[in-house]
Each structure stands twice: as C-alpha cells, then as structure tokens.
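Participant: Here's a structure for you.
Readers should treat all values here as calculations from the given coordinates under stated rules, not as data from a laboratory. These figures come from a predicted structure and were not determined experimentally. Cβ sites come from the backbone with ideal geometry, for glycine too, and all protein chains shown count toward neighbours.
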C-alpha cells in the first residue's frame with residue numbers, strides 16, 4: 001500500500017459519532033448546558049439572539065467532546081429549544097445556520113471558556129507527529145495511533161483535528177515506520193552477527 005494515501009481508521013458510523021453533534025438525553029442537557037457566571041455573561045454579550053443560543057449549545061457539545069462542529073439548525077433544534085426554554089429563557093428564533101465566520105467567532109469564545117486551543121497544523125503538527133512516531137515504535141495499528149493522537153490533544157488542551165488531518169498524519173507516521181523498520185532490523189542483525197564472529 002502506498003502511504004501517500006490516507007489509511008482508513010474509522011467506519012462511517014464512528015466518524016459520525018465523533019465528528020457529529022452528540023445525542024443528548026434530558027440529563028445530558030441539564031448537565032452540559034448549565035452555565036457558570038462567566039459563561040452566562042459571555043453568552044448574554046452576543047447581540048444576535050440565535051447566536052446566544054448557539055453558543056450555549058456548541059459550548060455544551062465541546063464540553064462533551066472537544067471537536068469543532070458546524071451543525072445545521074435542524075440537526076440540533078431540540079437542544080436549541082432546551083436552551084431558549086430553560087437556560088436563556090426567550091422567544092426562540094427562526095431556523096438559521098451559522099456562516100463560517102460566525103462559527104469561528106463563537107468557537108473563539110468556546111476556546112476561551114474551556115482554556116483550549118484550535119488545532120493548527122503549523123503550531124501543533126510537528127509535535128503530534130513526533131509523539132505518534134514514538135507510539136508507533138510499540139504498535140503501528142492506525143486505530144491505536146488515532147486514539148493516541150486524541151489523548152495527546154486532550155492532554156495539550158487542543159481541539160481534536162479533522163478526521164482527514166489525522167488520517168494524513170497517521171499515514172505519514174505508519175509509512176515512515178515501515179521504511180525505518182527494515183533498516184533497524186538489518187543493523188540489529190549485523191550487530192548480533194558481528195558479536196558472534198568476534199566470540200568464535
């Protein structure tokens with residue numbers, strides 16, 4: 001297999017579960033959408049009512065799993081309804097979708113409140129690749145490296161990168177490890193044989 005291609009790590013169902021809006025129960029809604037004073041103040045500072053509701057929803061989702069989402073209104077309308085009926089009581093809002101800029105501005109506030117960083121390949125890519133290269137010395141299974149990448153990002157307070165980004169990085173790590181292993185084995189065998197010849 002050419003490892004310039006991206007390895008398949010997650011099934012479509014697993015991708016949807018990680019990178020789609022979570023399905024909250026009533027108990028989940030009460031827990032994840034509850035706001036402290038700072039969160040409430042920032043939510044109320046937004047001028048557009050719909051964006052206030054969306055901030056609360058996306059903040060709650062991020063607390064559940066640190067992934068950047070841009071869901072459509074109808075995907076999350078039940079959670080939005082819970083927010084405007086319970087958390088920020090108001091008249092609700094008409095269906096709308098966030099523009100990319102609006103989504104980015106809301107997530108800037110989410111990152112601030114959660115003390116997280118947005119994934120940036122320039123700032124974080126090399127360090128993650130080095131970490132996964134170390135992990136690959138023990139086990140190169142792509143799913144193992146994917147889980148290790150998520151654990152690394154969580155420990156560094158970095159939002160989980162897009163699936164395609166992790167696919168690319170893990171493919172590079174696995175490919176590099178496969179290219180390195182034969183050379184390492186050859187060196188080790190040569191060292192063992194040399195030791196044997198000297199002792200003969």
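Participant: What translational D, rounded to a whole number of µm²/s, comes out for the chain from Stokes-Einstein when the hydrodynamic radius is the Kirkwood one over Cα pairs, at 4 °C and 1.567 mPa s?
Facilitator: Details: Rh = 19.5 Å.
Estimated via Stokes-Einstein, D reaches 66 µm²/s.
Participant: If you average the sequence gap of Cα pairs under 8 Å that are 6 or more apart and divide by the length of the chain, what percent do you get for the contact order? Please report the intermediate quantities before stating the final value.
Facilitator: Details: 164 pairs, mean separation 56.2, N = 200.
Worked out over the chain, it gives 28 percent.
Participant: If a/c stays under 1.5 just call it rounded; otherwise compare a/b with b/c (prolate if a/b is bigger, oblate if not). Do that for region 12-114, with a ≥ b ≥ c from the square roots of the Cα gyration tensor eigenvalues.
Facilitator: Values: a/c = 1.31, a/b = 1.26, b/c = 1.04.
Rounded, since a/c falls under 1.5.
Participant: When a footprinting reagent is the concern and you count Cβ atoms within 10 Å, what order do 37, 79 take, fewest first? Don't skip to the end; give the middle numbers.
Facilitator: Numbers: 37 7, 79 24.
Going from least to most buried by this count: 37, 79.
Participant: Here's another thing I want to ask about it. Calculate the length of the line joining the C-alpha centroid of region 1-77 to that of region 79-137, in whole Å.
Facilitator: If you average the Cα positions of each part, the centres end up 7 Å apart.
Participant: Measuring from label point to label point, each 7 Å out along Cα→Cβ, what is the residue 17 to residue 154 span in nm?
Facilitator: Taking the simple label geometry, residue 17 and residue 154 are separated by 1.4 nm.
Participant: Give me the angle, in degrees from 0 to 90, between the Cα long axis of helix 121-136 and the longest principal axis of the Cα atoms of the chain, rounded to the nearest 10.
Facilitator: Here the helix axis deviates by roughly 50 degrees.
Participant: What ranking of 139, 119 emerges when the number of other C-beta atoms within 10 Å of each C-beta is taken as an exposure proxy, fewest first? Let's see the in-between values first.
Facilitator: Details: 139 11, 119 20.
Starting with the residue having the fewest Cβ neighbours, the order is 139, 119.
Participant: Here's something else I'd like to know. On C-alpha positions alone, give me the angle between the axis of helix 163-199 and the longest principal axis of the chain, in degrees, nearest 10.
Facilitator: Roughly 20 degrees between the two axes.
Participant: Also: Hey, what number do you get for the chain at 222 nm if only DSSP H runs of n ≥ 4 count, each worth -39500 (n - 2.57), divided across all residues, to the nearest 500?
Facilitator: Values: 9 runs with 128 residues, N = 200.
The helix-only estimate for the chain comes to -20500 deg cm²/dmol at 222 nm.
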